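The values are calculated or read from the model by the stated rules, or taken from the named source; none is laboratory data. Remember, predicted model here, so these are calculated numbers, not experimental data. As a convention, Cβ positions derive from the backbone with ideal geometry for all residues, glycine included, and neighbour counts pool all protein chains shown. Remember, those area values only see protein heavy atoms, side chains included, never the ligands or the DNA or RNA. Shrake-Rupley method; radii C 1.70, N 1.55, O 1.52, S 1.80 Å.
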Protein chains: 2
Amino acid sequence: MPLLNRRQLVQSSAALGLSASVLARITSPAAASQAKPLPASGRILFQGDSITDAGRDRKSDKPNQAAGLGNGYPCFVAGDLLRDQPALNLEIFNRGISGNKVPDLAARWAADCIDLQPMVLSILIGVNDIWHKLNGKYEGTVADYASGYRNLIEETQSKLPNTRIVICEPFVLKCGAVNDKWFPEFDERREAAVKLASDLKLTLVPFQQMFNRAIEQAPPEYWAADGVHPTLAGHALMAHEWRKVAGF
Amino acid sequence: MPLLNRRQLVQSSAALGLSASVLARITSPAAASQAKPLPASGRILFQGDSITDAGRDRKSDKPNQAAGLGNGYPCFVAGDLLRDQPALNLEIFNRGISGNKVPDLAARWAADCIDLQPMVLSILIGVNDIWHKLNGKYEGTVADYASGYRNLIEETQSKLPNTRIVICEPFVLKCGAVNDKWFPEFDERREAAVKLASDLKLTLVPFQQMFNRAIEQAPPEYWAADGVHPTLAGHALMAHEWRKVAGF
């Protein structure tokens with residue numbers, strides 16, 4: 001991209017005043033209807049696939065470490081929370097693993113969730129459940145996704161009754177690897193996650209809705225170059241949405 | 001750290017309401033006195049030592065890439081700016097290199113600054129100029145730091161007259177590797193950087209003042225475990241201060 005000339009710079013400076021309103025248009029209203037704020041102490045665990053993993057250093061398993069939290073929304077949320085809540089003993093973990101689907105989470109759930117006893121558990125899962133199917137590497141149906149995800153949550157609620165669970169809506173942007181073959185099945189899977197949150201009265205972070213609004217401000221590739229993995233701008237937007245909806 | 005019990009959680013939830021005021025006490029007032037806002041388009045370059053480097057992937061030299069921006073304040077600033085300014089063609093680079101002192105910046109300035117033609121140049125340099133001296137690996141004086149830094153800025157102003165330069169105040173926290181041997185020389189070097197910004201009418205981000213206020217909220221180790229390298233919380237605080245002072 002070329003550098004801007006002086007006239008463009010003046011125009012850009014004028015545009016600065018718009019930033020707050022742009023963000024307000026993209027992100028959700030503050031979650032005034034949330035019954036209770038997230039517990040602000042104890043452990044916060046981010047679980048999911050490559051979007052959550054975000055290149056984290058798997059050898060760094062201690063909480064609150066930038067390298068161990070990766071380059072994505074969990075690290076942005078963690079940095080801001082640790083900055084804003086210095087008096088609390090927050091311990092923030094990322095255990096997302098690239099390529100994971102619901103059954104992969106289930107297989108490692110005891111070690112990577114239950115044993116950690118999070119006070120807040122955030123899950124973003126679903127895109128590989130369809131992507132790997134489209135690639136011929138997996139055969140799970142929408143019903144498998146819905147029932148497997150529900151079983152995972154109900155097991156968690158049984159073993160960790162005091163944990164607040166946050167369901168992140170799976171999302172794609174229509175660019176890169178995401179073509180017409182993804183639909184309508186992707187939307188059916190996405191709606192299954194939304195229904196799960198609704199049925200079990202869990203907090204839902206509406207990422208798909210957020211990105212749908214974001215592409216009115218910049219092209220899909222600006223937020224997720226391959227349609228699946230967010231850019232830096234996309235991750236920063238997700239972190240802002242997560243905190244806003246979660247009530248922190 | 002142990003998980004909190006139910007009573008502590010209630011207390012913590014009550015503490016949530018304090019977060020905005022805690023942050024307001026730590027960070028600087030908005031820079032209403034800044035003569036002009038930062039140009040919001042074109043290239044933004046972060047330069048410095050390990051604090052800026054923050055584990056960045058040196059092979060990732062394209063702008064706006066999380067891995068190439070590292071795990072520190074440049075990445076946090078970049079994420080938030082790219083999120084908030086989707087309509088602008090921002091290109092954000094990190095060229096901090098661990099261990100660098102002023103003469104190291106000077107040696108690579110043509111390739112790593114001038115050739116990039118940034119519209120905004122942010123520099124944080126100084127802690128290794130004293131640290132390496134205390135370790136017997138360097139002999140530069142405070143006067144060398146002041147004159148070398150001034151030469152670097154004046155060269156930059158000559159070659160890039162339209163670039164807005166942001167000087168970040170060098171800082172240490174009194175913990176970890178930072179002991180009484182650092183003083184008063186560290187303060188003399190810090191004051192040289194502040195004077196340079198004042199003399200040349202550059203924007204100054206007062207990181208030392210910010211951390212001095214932050215340690216009223218949590219121990220020094222919470223913000224920089226070894227007294228030099230910020231934790232995740234410290235980097236997130238720096239990013240917030242940088243944006244606030246810079247006027248973005």
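For the protein assembly as shown, the solvent-accessible area of protein heavy atoms averages 40 Å² per residue (probe radius 1.4 Å; ligands and nucleic acids excluded). Just so you know, the averaged projected area of the alpha carbon convex hull for segment A:108-149 sits at 3.5 nm².
Just so you know, the averaged projected area of the alpha carbon convex hull for the protein assembly as shown sits at 23.0 nm². How about residue A:133: which aspartates and glutamates have a C-alpha closer than 15 Å to its C-alpha, ignoring those fewer than 8 places off in the same chain? Here the aspartates and glutamates satisfying the reach criterion relative to residue A:133 are A:104, A:144, A:180, A:185, A:187, A:188. Evaluated at q = 0.09, 0.17 Å⁻¹, the base-10 log of the normalised Debye intensity for segment B:6-246, with identical point scatterers placed on the Cα atoms, takes the values -0.38, -1.36.
Sorted from nearest, the other copies put their residue A:179 label points 6.5 nm away, the label point being 7 Å from Cα in the direction of Cβ. If r is the Cβ-Cβ distance from residue A:198 to residue A:111 and R0 is 41 Å, what FRET efficiency results, to the nearest 0.05? The formula returns an efficiency of 0.90 here.
Backbone amide hydrogens, once placed in the peptide plane, bring residue A:205 within less than 5 Å of A:167, A:168, A:169, excluding anything fewer than 5 places away on its chain. The largest-to-smallest principal axis extents of the Cα set in segment A:114-196 are 41, 23, 22 Å.
A 1.4 Å probe, protein heavy atoms only, puts the accessible area of residue B:158 near 90 Å². In Å², rounded to the nearest 100, what is the total accessible surface buried by chains A and B against each other with a 1.4 Å probe? Accessible area lost upon association: around 4400 Å².
For the listed residue pairs B:62/B:159; B:101/B:195; B:137/B:159; A:59/A:181, the alpha carbons are over 28 angstrom apart in B:137/B:159; A:59/A:181.
Scanning residues 5 or more positions from residue B:92 or on other chains, those with amide H under 5 Å from its amide H are B:44, B:64, with H placed 1.01 Å from N in the peptide plane. Residues of segment B:218-248 whose accessible area, computed with a 1.4 Å probe over protein heavy atoms, drops by at least 30 Å² once all protein chains are present relative to their chain alone are B:222, B:232, B:236. Percent of Cα-Cα pairs more than 14 Å apart in segment A:47-107, please. Considering segment A:47-107, 52 percent of its Cα-Cα pairs are separated by more than 14 Å. Rolling a 1.4 Å probe over the protein heavy atoms of chain A, with every protein chain left in place, gives an accessible area that is 52 percent carbon and sulfur.
Here's the picture: a label point sits 7 Å out from the Cα of residue A:174 along the beta-carbon direction, and within segment A:195-227 the residues with their amide nitrogen under 19 Å of it are A:207-227. Entry note, the protein assembly as shown: the mean residue ellipticity at 222 nm calculated from DSSP H runs of n ≥ 4, each adding -39500 (n - 2.57), is -13000 deg cm²/dmol after division by the residues and rounding to the nearest 500. Burial of accessible area (probe 1.4 Å, heavy atoms of protein chains only) in segment A:85-102, relative to its chain alone, reaches at least 30 Å² for A:85, A:86, A:88, A:89, A:91. With Cα atoms defining each centre, segment B:163-217 and segment A:210-236 are spaced 37 Å apart in the structure.
Placing a label point 7 Å from Cα along the Cα-to-Cβ axis, residue A:134 is separated from the same position in the other copies by 5.5 nm, shortest listed first.
The length gained on full extension between residue B:89 and residue B:213, counted as 0.36 nm times the residue separation minus their Cα-Cα distance, comes to 41.1 nm. Express in whole angstrom the spacing between the alpha-carbon centres of segment A:73-91 and segment B:67-124. Between the Cα centres of segment A:73-91 and segment B:67-124 lies a distance of 24 Å.
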